[in-house]
1. Quick one: accessible area per residue over the range 226-294, 1.4 Å probe, rounded to a whole number of Å²?
2. Quick one: Karplus J couplings for the range 330-341, per residue in order, coefficients 6.51, -1.76, 1.60, θ = phi - 60°, nearest Hz, x for Gly and Pro?
3. Show me, for the range 425-439, the HN-Hα J-couplings you get by feeding each phi into the Karplus relation (A = 6.51, B = -1.76, C = 1.60, θ = phi - 60°), rounded to Hz, glycine and proline as x.
4. Once all Cα-Cα distances of the range 184-243 are split into 5 Å bins that start at 0, what whole-number percent is in each one?
5. Ignoring solvent entirely, what values of log10 I(q)/I(0) come out of the Debye formula for the range 270-355 at 0.10, 0.20, 0.25 Å⁻¹ when each Cα is a single scatterer?
6. Output the peptides 428-436, 115-123 sorted from most to least packed, where packing is the average of other Cβ atoms within 10 Å over each peptide's residues.
7. Can you give the FRET efficiency to the nearest 0.05 for Ile108 and Ser410, using r as the Cβ-Cβ distance and R₀ = 25 Å?
8. Give me, ordered by chain and number, the residues 5 or more places off Ser215 or on other chains with an amide H under 5 Å from its own placed amide H.
Amino acid sequence: MSISGIGTRSALTVQSFVEMRRQLDDLQRQLGTGKRSDTYAGLGLDRGLAVGLRSRLSALEAFESSITHVDVRINLAQTALGRLADIGRTVKSAAFQSSNISGTGTTIAQTTAYASLNEMLGLLNTQAGDRYIFSGREAEQPSVASLEHIMDGDGARAGFKQIVSERKQADLGTLGRGRMVITAPTATSVQVAEEAPPTVFGFKLSSINTTLANSTVTGPAGAPPAMSVDFTGLPNAGENVQFRFTLPDGSNELITLTATTSATPGPNEFTIGVDAITTAGNLQTALTDSIETLANTSLVAASAVVAADNFFNGTPQRVSGPPATATALIAGTPANTVSWYTGENGIDPARSTATARVDTSITISYGMRANEEGIRWMVQNVAAMAAVTYAPGDPDATARSAALHARIGSNLGVPVGIQAIEDIETELAGAQHTLQNAADRHRQTKSTLAGMMEKIEGVSNEQVAAEIMALQVRLQASLQTTSLLYQTSLVNFL
C-alpha cells in the first residue's frame, strides 16, 4: 500500500497563508493611514477622478500661497500709504499756522517739513522680505535716494536745494524784478513789459485795469508783451490802477497802486504830482518798488514750488546757462543731477508692475512706484517747504514765508485733477477685496474636494477593523486545521 505525498497541497496551503497575511498587512496599513491604497492603481475605476481632484487641490494650494504673499505686500503698502497721508495732513496744518522765522532762518512749519520728508523717504523704501514695494519691477532696487543726497546733492551732482537756488535766480532776473522791464515810453506814460528774448522764467503779464481819471491803459500786447498807463491829466486821490501778473506756478498776483496827495506815499501808493509828467514818474517809482517786493515774496515762493516740480516730476529740469540771464530749461543728466526716484521708471501704469494669478481666470495688479503722481505730489511739496531758508534781517522774509506756506498748504489739500494718496489706497483696497473673495472661494472648494477625495481614497475604520477581525479568525482556523493535518502519521492512519 502506498501513501501519496503532500507537497502540492502544502504549496497551496502556504500560498493561501501568504495571501491572507498580505491582506492582513494591507488592512492594518489602511487602519493606520486611513487610506484605501498607497497607489492610484489600488483605487480601481476612481483612480482617474482622484488624479484630477489631487491636481485641482494642488492648484488651489498654489493660489492660496500666492494670495497670502500678495496680501502681506498690500498690507505693508497700505500701512505706508496711510502714514504718508497723515504726514501730508500734518505738514498742511503746520503750513497754515504762524510763519514766524526763527534764528536759524526757518519756520516751525519748515522744521516739521524736513523731519516729515525724512520719514516719507523711509516709508517709500519699505521692504517686504528683500523686495522694495515702491520700486516697480526693479523690486531689488531701493525706491528713493537718501534725504541728504536728494536735498544737498552727491559730489558733482546737484541736489534739490541747488535746483531751487538756480530757479530762484532765473525767475528774479538780473534786476530782481521778475524779468519785468519798466520804462517810460513817453514823458507822461509808464510801461511794464516782459523781457526780450522771451523766457520761461519770471512774471508774465495778465491784465491791466484802472479807475484813474485822465488816463489811458493798454495791453498786454505786442512782442514782447507790454502794458502801459498814459496820463492826459491828473487823477483824483483814491483812484487806482491794477496790474495783474501770472507767476511760474500758474497763480496770479495783483498789484494795486492808489493815487494819493500825500508827499510821503505808503506802500502801493503813488503821489499825484503837479502835472502828468511828474505823476507818471511817481507811478513808475511806485510800480518798480511794488514789483520788486512782489518778486522777492510771492515770485520766490512760486519759484520754489515750480523748482520742486522741475526736480521731482520725471527727468530733472535745470536752468540752462547762467541762471540770472537764462531763458530756458534743460534736462539734467545722471552725471550732474541727483535722481530722487531710483526704482523702475516705465510708462505703463504703476499697478501693472506686479501681478498675481489668484484663481484660474482672475489676475490682480498691485504694483507701486514711489514716483506715482499722488505720492510724488506729496513728496515734492513737502520738500519745497523744507528747502527754502531766509537770511537774518531780510525785510521780505516773513511775507515770503507766508506766500510759500499758503501755496504748500493749498497744494497738500490736493487740487482737483491731481491724484491723491487715497486714490492709490482705494485701488489697492479693491485688489485686497478680490483677494479675500478668491481666498473664501478656495477654502470652500478645498473643503468640497477634500470630502470627495476622502470618499475615494479613505476607508471606514470600523469596516477595516471588522475585516481584520474576520481575517484573523479565518487565518487562525486555517492554521489550526493545517496543524492537525500535519500531525497525520502512518501510526495514526492505521
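The values are calculated or read from the model by the stated rules, or taken from the named source; none is laboratory data. A quick note: this is a predicted structure, and the numbers were derived from the prediction, not measured. We place every Cβ from the backbone using ideal geometry, glycine too, and count neighbours over all the protein chains shown. Heavy atoms of the whole protein, side chains included, go into the accessibility calculation; ligands, DNA and RNA do not. Shrake-Rupley method; radii C 1.70, N 1.55, O 1.52, S 1.80 Å.
1. On the way: 2870 Å² over 69 residues.
Accessible area per residue, the range 226-294: 42 Å².
2. Computed from phi, the couplings for the range 330-341 are 9, 5, x, 10, x, 7, 10, 9, 5, 9, 6, 9 Hz.
3. 4, 5, 4, 5, 5, x, 5, 5, 4, 5, 4, 5, 4, 5, 4
4. All Cα pairs considered, the percentages come to 4, 18, 27, 22, 14, 9, 4, 1.
5. These q points yield log10 I(q)/I(0) values of -0.50, -1.00, -1.19.
6. On the way: 428-436: 16.4, 115-123: 19.8.
Highest mean packing first, the order is 115-123, 428-436.
7. Working: r = 19 Å, r/R0 = 0.75.
Between Ile108 and Ser410 the formula returns 0.85.
8. Placed amide hydrogens put Thr232 under 5 Å from Ser215.
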